[in-house]
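The values are calculated or read from the model by the stated rules, or taken from the named source; none is laboratory data. Since this is a predicted model, take the numbers as computed values, not measurements. Neighbour counts are summed over all protein chains in view; Cβ atoms, including those assigned to glycine, are modelled from backbone coordinates with ideal geometry. All accessible areas refer to the heavy atoms of the entire protein, side chains included, with ligands and DNA or RNA removed. Shrake-Rupley method; radii C 1.70, N 1.55, O 1.52, S 1.80 Å.
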Amino acid sequence: MTAENNWSSAEKSHTCGALRLHHAGERVRLAGWVHRRRAQGGLIFLDLRDRWGITQVVADKELAAEAHAAAQESRPEYVLAVGGTVRQRPAGTENEDLATGAVDVVAEEIQILNAARTPPLYITREVGEDEGLRMKYRYLDLRRARLQRNLEIRHRAIKFIRDYLSERGFLEIETPILFKTTPEGARDFLVPSRMQAGKFYALPQSPQQLKQLLMVAGVERYFQIARCFRDEDLRGQRQPEFTQLDLEISFVQREDVMSLNEALMLALVAAVAPERKVQQQPIPRMRYAEAMERYGTDRPDVRYDLCAEDISDIAGKSGFRVFVENAAAGKPVKCIRAPAMAAQMSGTLLRKVTAEWEEQVRAVGGKGLAWLALPEEESGEIRGPIGKFFTVEQKLALFDRMKAAPGDLLFLISDEREVVQRIVDALRPQLAAQLGLIDEDTLAFVWVIDFPQFHWDEETQRWEPSQHMFTMPLPEDLPLLRSDPGAARGSQYDLVCNGHEVAGGSIRIHDRALQEEIFPLIGLTMEEANQQFGHMVEAFEYGAPPHGGIAWGLDRVVALLAGEPNIREVIAFPKTQTGSDLMASAPSPAQEEQLKELHIRLSAAAERELQREGAVDGRQPIEEAGSGAGH
Ligand code: ASP
């Protein structure tokens, strides 16, 4: 064997996605995993896979007995190095589904670099197994084409963003992970200090303070692909750690930040996911108040209409007591039009379907759901239990307001304003799905602006910032901070896409006095504020430039680019709903020694729980431990 034919080297001459017809006759060296294997007489066909694709390898007993024997021994997911010659596939055996499908490689040597146990997941299939299994064997799950593609899309997106911002004068700057509380409305993850007994770092919920301090430092244009940590119950798709594109700019107004981000987002989609249609450019804007009234949420999915229209003026004059009383009390009556939903439904079916929707309404706290079904023909009857309470004129006014058409189903909702909003928010996406109105290839961006600066929190009986405590109120609303904080609007802007918040930011307060006005409003005493944020307000006294910024939920953006419904599919090693990493079993108990060094003793309840799980044995719960135990 000559040196160049030394196939025992695992080095590749080509990837498994590279070979085409024009390579026919070339001697090549491939390496990868056995994707599939099938035997046919004296031939064994191996689909050899690497990150770049799949190439068919043929081992012919007649031509290369040893290679054939190795192929014979190989099983799915074995790691092989293959040396051979590229050949045009015999006519009729080409595979159009494979980029390499015009050729195969006739093996001269096959070396098994590593064997593999039968994998607990089918790498050849897209999905199938339960999430737990996927998470436990994430390194196998990640071998699948779909997830490999997602990792690549993520890489390309991040690279695009880095290049785009770098070209525009931004500096990428890392900020510390071990820091002090940087609240964004969630609980902090704390890290005990070994060197300073009894003290803790907080992992940043975002780099908010640090990026603002970088503005004070004169950086002017900052960005970071930043990891953020929020210890909250993992409702929906949240992850305890997630990634933001974080950026901040000095000497800007709201418009500047929005237009830079809009341009970046649209360029990113065009570069990384050109197959996705952007519904509307420039990106439309919507006031918070309109979003809440018509969509019931500040994250409206504008791919479809199904908006709630206020019909209080019409319904308030009908004969339906609930509507009349509610309208008189200032509680809204709203209507959603489901196009053609009643068409071709029998009376029985219609009652069944509407009863199901009423269940959905009750699930979010509503009392009921009234409806009217328009006939398909002019001569037909209007169906629905509340029809009789509306005069002909009132019905006509309602149909006119709703732009109703034959066969439409109208849902009428009335309750406290917040309940109506919840109902609208719950019904819209479900109705849209049922009516087939959701185009998965479309990206429907919308900017939501003019948020209230604060929301009143009934539980804590105080104002909570809608965004965070560093958001600047709209200049014209500044006087309201003192007279009517609930009416003040903030300079916040959120970018929403397909019903997800993909980015959010604001112009910041850069003035000590103003920042100090916010603290008491949100229930911080000056002492607490000084303890936690003294460094911020102090910095504002040393020439802080006006500044503003934004952060993107990068996992969500990548998921939208990749067409993945769940952000877990675009994170290499995500955590489960209980915040666990099932592969490495994290979190896990610490050694008693480690706890001691960290000046930590576990509660009796925690110890009992660990012992019940069999996670530790023989530790003394503190109650039973002598007073000298621990440190
Ligand atoms: N720090 C904010 C967040 O995490 C974003 C920003 O205001 O820039 O939502």
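Odds and ends about this structure:
- Entry remark, segment 504-523: residues being surrounded by 18 or more Cβ atoms within 10 Å (Cβ to Cβ) and away from the ligand (no atom under 16 Å from the Cβ) number 2 in total.
- Hits in segment 14-36 (condition: assigned to a strand (DSSP E or B) and either open to solvent by less than 70 Å² (accessible area, probe 1.4 Å) or farther than 26 Å from E126 by Cα (or both)): R27, V28, R29, L30, A31, G32, V34, H35
- Scanning segment 298-315 for residues that are open to solvent by 20 Å² or more (accessible area, probe 1.4 Å) and either of a type in the set (A, V, I, L, M, F, W, C) or assigned to a loop (DSSP other than H, G, I, E, B) (or both) yields D298, R299, V302, R303, D305.
- Residue within segment 167-178 that is buried (at least 16 other Cβ atoms within 10 Å of the Cβ) and assigned to a helix (DSSP H, G or I) present: no
- Top-ranked residue in segment 440-476 [being over 18 Å from G548 (Cα atoms) and charged (D, E, K, R); ranked as nearest to the ligand (Cβ to nearest atom)]: E464
- Boolean, V219 is in a loop (DSSP other than H, G, I, E, B), more than 19 Å from L554 (Cβ to Cβ) and not hydroxyl-bearing (S, T, Y): yes
- Among the residues making up segment 243-294, those that are part of a helix (DSSP H, G or I), in contact with a Leu (Cβ under 9 Å, 6 or more places away or on another chain) and away from the ligand (no atom under 16 Å from the Cβ) are L268, V269, V272.
- In segment 375-403, the residues that are under 18 Å from G319 (Cβ atoms) and at pLDDT 90 or above reach residues that are among the basic types (K, R) and open to solvent by 30 Å² or more (accessible area, probe 1.4 Å) with C-beta atoms within less than 8 angstrom, at least six apart or across chains, in these pairs: I382/K395; G387/K395; Q394/K317.
- Any hit, segment 566-579, residues being open to solvent by less than 10 Å² (accessible area, probe 1.4 Å), touching a Leu at 6+ places or on another chain (Cβ under 7 Å) and modelled with pLDDT of 95 or more: no
- Residues being open to solvent by 10 Å² or more (accessible area, probe 1.4 Å) and within 16 Å of the ligand (Cβ to nearest atom) - total across segment 493-503: 2
- Number of positions in segment 533-543 that are in contact (Cβ under 8 Å) with a residue 40 or more places away in the chain and either in contact with a Lys or Arg (Cβ under 7 Å, 6 or more places away or on another chain) or within 16 Å of the ligand (Cβ to nearest atom) (or both): 3
- Top-ranked residue in segment 559-583 [being of a type in the set (V, I, T) and touching an Asp or Glu at 6+ places or on another chain (Cβ under 8 Å); ranked as farthest from L247 (Cα to Cα)]: T576
- Residue in segment 390-404 that is open to solvent by less than 10 Å² (accessible area, probe 1.4 Å) and β-branched (V, I, T) present: no
- If the condition is being open to solvent by less than 40 Å² (accessible area, probe 1.4 Å) and acidic (D, E), then segment 68-108 contributes E77, D104.
- Residue match in segment 43-50 (condition: modelled with pLDDT of 95 or more and open to solvent by 90 Å² or more (accessible area, probe 1.4 Å)): no
- A search for C-beta distances below 6 Å between a residue of segment 550-572 that is away from the ligand (no atom under 13 Å from the Cβ) and any residue that is open to solvent by 20 Å² or more (accessible area, probe 1.4 Å) and part of a helix (DSSP H, G or I), counting only pairs 6+ apart in sequence or on different chains, returns V558/R154; I567/R556; V570/R154.
- With respect to the conditions (1) small (G, A, S); (2) open to solvent by 60 Å² or more (accessible area, probe 1.4 Å); (3) within 22 Å of A426 (Cα to Cα), A328 lacks only one, and its number is (3).
- Among the candidates R227, R235, R149, R187, residue that is closer than 26 Å to Q577 by Cβ, basic (K, R), within 13 Å of the ligand (Cβ to nearest atom) and open to solvent by 40 Å² or more (accessible area, probe 1.4 Å): R227
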